[in-house]
Structures are given as structure tokens and as C-alpha cells.
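Enquirer: Structure in C-alpha cells, see below.
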Amino acid sequence: MSVSMVHGGLVGLKSRTSTPTPTRVAAARPIAFRAVSARVAQHASSSLFLSGAARPLLKQTAFAIRTRRSATVKTQATAAQPPAPAPAAPTPAPAPKGANMKSLAISVGCGLVLWFIPPPAGVAIKAWKLLSVFVGTIVGIITMPLPLGAVAMIGLGVAMSTGVMTFAAAFSAFSSEIPWLIAIAFFLARGFIKTGLGNRIAYMIVAAFGKTTLGLVYSLVFAEALLAPAIPSVAARAGGIFLPIAKALALACGSDPEKGTERKMGSFMMLTMFQTSCISSSMFITAMAANPLSVNLAASITGHTITWGEWALAASVPGVLALILVPLFLYIVYPPELKETPEAPLLAKEKLKVLGPMTKDEKIMGASLLVTVALWIGGSSIGIGSVAAALIGLTALLVTGVVSWKECLAEGGAWDTLTWFAALIAMADYLNKYGLITWLSGKVVGLIGGLGLAWQPTFVVVMAIYVYAHYMFASGAAHIGAMYTAFLSVLIACGAPPVPSAIVLGIFSNLMGCTTHYGIGSAPPYFSQKYVPLGTWWTLGGAVSVIHMVLWLGVGSVWWKAIGLY
């Protein structure tokens, strides 16, 4: 056989084995390769059929066939294997369950230390034990090992299990109207935010007054103040309504901390909006969640329940002056680089166009809000209290479907606030009934009275201590629960008029939040935007607190005298 014959046979066999249908290729190729390989090997071993020159060529051909067969088998084996599974995504770490044990240990430890200290002379054992439970609860509210409501319920459980309070005493404040007023106000706020009426009002004010940076900030400041009576959560007003507007406007004007342009406008705007949120919260009972707690504690000391109208009237003149002066002060000492903001009114008008005309739900919400606020102001003259007024507004929203009862049940902040308000009110009330507040007030009165001061300078000293003690508190409610009753008792014992003293303490329970980035609910949302450094935040916060002391105790005292509070 000649080389050309072998080559022709290979070509012919290749032609015959390369034409099967695709479904038979896999089976046909191994058989063909084995046949050819055997034939080539047979002829390669016989010198009778091959010349010496042809023998190397046949060996190379056989080797090539075997190599191709081996590669084909490997390819088929690889194709038969299933594809490798994609690497599994890393499992996220589970959220921590239960309490923060470190914070819990701190709160329990503080209570236990006080529990085992012998009570001072003149203090009943029961009062001292309740004080230890109260202090442990307050520390828990500050450190927050659990949500506030859970901490308060644990405190009540400890008080009852140790015999310090009965069930009736522990839950006595749940029948108080003040915690229910603030809870219902949360439900009203849900409708206000849900319908978009809050955003619409804010945009309208910005469109009218926002041509300069200072004018823009003033428009936001007074928009927030107008909405404050209807939204009891300062954190909700800040984070849910005005922070998004302020940040959008800052970015529209090219002020972005990520690009190093925060001082262009955003720094001034964020700091001013935060500082004035403390002022607007101080102007109405329903503007901050803890204000009703001050009202309730004041009633237990003075026997007079401060009405919504009394508080608002007392805070009106100094509050409006503060809303004007604080932004102006910050504009001078922490000025924006951009003084003109022609884009702001245009942006607000575009947002209003997107919103379109007022919806039916917005109109219902607006009417309900007007009726409720009107009844809060003058309802007492016709026998309608604050809670009844709030229920009238809520009823309109529920009947019309603007707010559903399911949404009210889902409003966790309302129920949490109701729980810890009532718990703190009950504990503070029984500390007073057990005589501890009377004893403590006597000690402080003796200390301050030894200074030989009249009640007016004594008032200033007491207020300064009360305000700057807030550096130790991350919650206005915790501060009020711990110090309001004792300090009000001291002021009254030193000869200060009771009602103005109670109102001023309540007002400063909001204003004192201006000092830090954690002292009130509006601080974290604004500070977290990274427009203002921490040192600047604290330094200017301390400066603003001095302005408040001078303005409210100076101009405020003249105003309160003029309206007959004392």
C-alpha cells in the first residue's frame, strides 16, 4: 500500500465520519478514530507495504489521530459536567436581639447602688427605694438598652415587684389626658405627612421668600414654626419634612460636603434650621413630645394645669424674636459664601407644579387641622378640652379615610411615647407624694437661700443649672423627668411666681437642646448631613444658649408681666 492510498483512505474516512447528524456526532467520532488508529498501526508495523521514507509519515499520522481522540474525549467529558455553581452570597450578620447588655448593666448598676445606700435623715425608706428605681429608669432612658417604652415598663415592673408601688399607683398616669393628647397628635401628624400638605406649605413659603440665602432660611424657619403645633415630633418635622427640602435646595445651589463646598450655603442652612427647631418646639405644648410631661408635672406641684393657649401666648413674643435673632446671629458669625439664591423659588415652584392642585385628602387634612388648632386655643371656653379637640380632628380623618386605624396602630412612636410618658409621670408623682421632692427642694432652697439673693437672681441661677445640666442628657424627656419637678419646687419656694416658673422651665426644656448634637430629636438628622463640624456645632450651640438666657429671661419677663402671668 502506498502513502497516497493511506492518505486517501484517511480522507475518505474523515469525509464519511464528519457528516452524521449532530445527535450522532458524539458516538461516531470515537469509533472512527479507533478504526483509523488500528489500521494505521497495522500498516505501520509491516515493512512489506511501506518504504523507509513513508514509515515516519505514518507514525506522525497515527500520533495525530490519537492526540485528537484524546482531546475530543476530554472535551466531551467536560461538556457533560454540570456548570459550577455560583459562589453563594455572604450571609448577613443577624441583627442583635434583646437589650444592649452594657447599657442595661449601667442603668441597673446605678439603681442598685442607690438602693443599698441608707436614706438620708428625713427621707422615708419607700421614697428612697422608689428614687433608686426612678434613677435606674432614667439612666436606662438615657443609655437606651431597649426602646424607651420597654425601659419604662421594666421600671414599673421593678417598682411593683419590690412593693414600692402598687398596680394602681404604677398605672395611675395612664388615665391622665396628657399622654393621650400627645399620642393622638402623632396620629394627626401621620395624616399631615401622608397627604403631602406639609410639603406643600413649605414649598409655598420658599417660593415666596427664598430669593436670598437669609430670606430662604427665614422662609423655612417660619414654615417649620407654623407646622410645629400640628406635628408633636421635632424629629419628624426635621427629618421627614424640612431636612429633605433644605438639602435639596443646598445641592441645587452647589453646596455639597462631598465636594468641599458645604460652606457655600448648606452649613449655615443646616445649623440654623436645627437651632430654630429648638425654638419652635418650645413655643407650643404640642410642638415637642415631652412638653405635655412638663405640663403634667407642673400641675402636680402648682395645682394649675397650663393650657395650650397659655403656653403659646407666653412663648409668642420672645419666641418670634428668637426666630428672627438666632438666624441673624448665625449669619454674622457663620456666614454662607453664597448670599443670593435665585434658584430656590424656582425649585419650589417646580415642586408645587409636580404636586398639582390640592387633593381632596389635603383639603380634609387642612380643615381638620384648622378646627383642631382652633379648639386647642379656645375650646376650653366652651367645655372642650385638648384631648377632645384632638379626637374631633382624628375622627374626621378616620371617617373620611385620610388616616386609617391600621395606620394609627402602626404608629409605634405614639404608643411608645404614651407608655414612657405615663410611666415617668407616675413615678415622679409618687416621689412627690412620698415626700422626696419636698425634702430635696428644702435642701436646695437652703443652699441657694444661703446666698442671700432675691428670687429674680435665684431664678437665673436655677435656670442656668437646669439648662447646662443637659450636656449629660440625650433626651429632653429624661431631663424633664429627672429635674423638672425638683427645680420648679425650688423656684416656688424661693418666691418665684408659680405659673411663669413652670412655663419657663418647660420652654427651656426645649431650648437646652441647642447645645449638643444629641440633645433633642432634630439634632441627629441635621448633624448627620456632615455640613457642620462637631466642634463648630458645640461652640455655636453654647453661644446660642447664652442668647436664649438673655432673651427669654429679659424680654420674656417683661412680656409675661404685660400679659398678667405674675
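Enquirer: Long-range amide H contacts for Thr261: which residues qualify at under 5 Å (H placed 1.01 Å from N, peptide plane, sequence gap of 5 or more or a different chain)?
Expert: Amide H neighbours of Thr261, under 5 Å, 5+ apart: Asp256.
Enquirer: Here's another thing I want to ask about it. Counting other Cβ atoms within 10 Å, which chymotrypsin sites (Phe, Trp or Tyr not before Pro) in the range 220-284 have at most 15 and lie in a DSSP loop? If you can, show how the numbers build up before the last one.
Expert: Values: sites: Phe222, Phe242, Phe268, Phe274, Phe284; in loops: Phe284.
When the chymotrypsin sites (Phe, Trp or Tyr not before Pro) of the range 220-284 are filtered for loop state and at most 15 Cβ neighbours within 10 Å, nothing remains.
Enquirer: Ok, one more. Which distance in Å, rounded to a whole number, links the C-alpha centroids of the range 510-540 and the range 329-400?
Expert: 25
Enquirer: Kindly flag which residue pairs out of Lys360/Lys530; Lys443/Lys561; Lys211/Lys530; Lys194/Lys349 have an alpha-carbon separation exceeding 32 Å in this structure. Intermediate results must be reported in sequence, preceding the final value.
Expert: Numbers: Lys360/Lys530 38 Å; Lys443/Lys561 30 Å; Lys211/Lys530 25 Å; Lys194/Lys349 21 Å.
Lys360/Lys530, as the Cα separations exceed 32 Å there.
Enquirer: Another one. What is the distance in Å between the Cα centroid of the range 109-133 and that of the range 234-253?
Expert: 46
Enquirer: If the cut-off is 14 Å between C-alpha atoms, which aspartates and glutamates fall inside it for Lys247, apart from same-chain ones fewer than 8 positions away?
Expert: Asp256, Glu258, Glu262, Glu343
Enquirer: Using DSSP to call loops (not H, G, I, E or B), can you name the trypsin sites (Lys or Arg not before Pro) in the range 216-261 whose Cβ has at most 12 other Cβ atoms within 10 angstrom? Kindly include the intermediate steps, with their values, before the conclusion.
Expert: Working: sites: Arg237, Lys247, Lys259; in loops: none.
Passing both the DSSP loop test and the Cβ count: no residue.
Enquirer: With a 1.4 Å probe and all protein chains kept in place, how do Trp560, Trp180 rank by accessible area, largest first?
Expert: Details: Trp560 10, Trp180 95 Å².
Highest to lowest solvent-accessible surface, that is Trp180, Trp560.
Enquirer: I'd like the distance between the alpha-carbon centres of the range 159-225 and the range 425-494, rounded to an integer number of Å.
Expert: 27
Enquirer: Which value, in Å² rounded to 10, gives the accessible area of His548 with a 1.4 Å probe and all protein chains present?
Expert: Roughly 0 Å² of His548 is accessible to a 1.4 Å probe.
Enquirer: With N residues in the range 172-269, what two-decimal value do you get for its Cα radius of gyration over 2.2 N^0.38 Å?
Expert: Cα-based Rg divided by the globular estimate yields 1.29.
The values are calculated or read from the model by the stated rules, or taken from the named source; none is laboratory data. Note that this is a predicted model, so its numbers are computed, not measured. Please note: Cβ atoms are built from the backbone with ideal geometry, for glycine as well, and neighbour counts cover all protein chains shown. Side chains included, ligands, DNA and RNA excluded: accessible areas come from the protein's heavy atoms. Shrake-Rupley method; radii C 1.70, N 1.55, O 1.52, S 1.80 Å.
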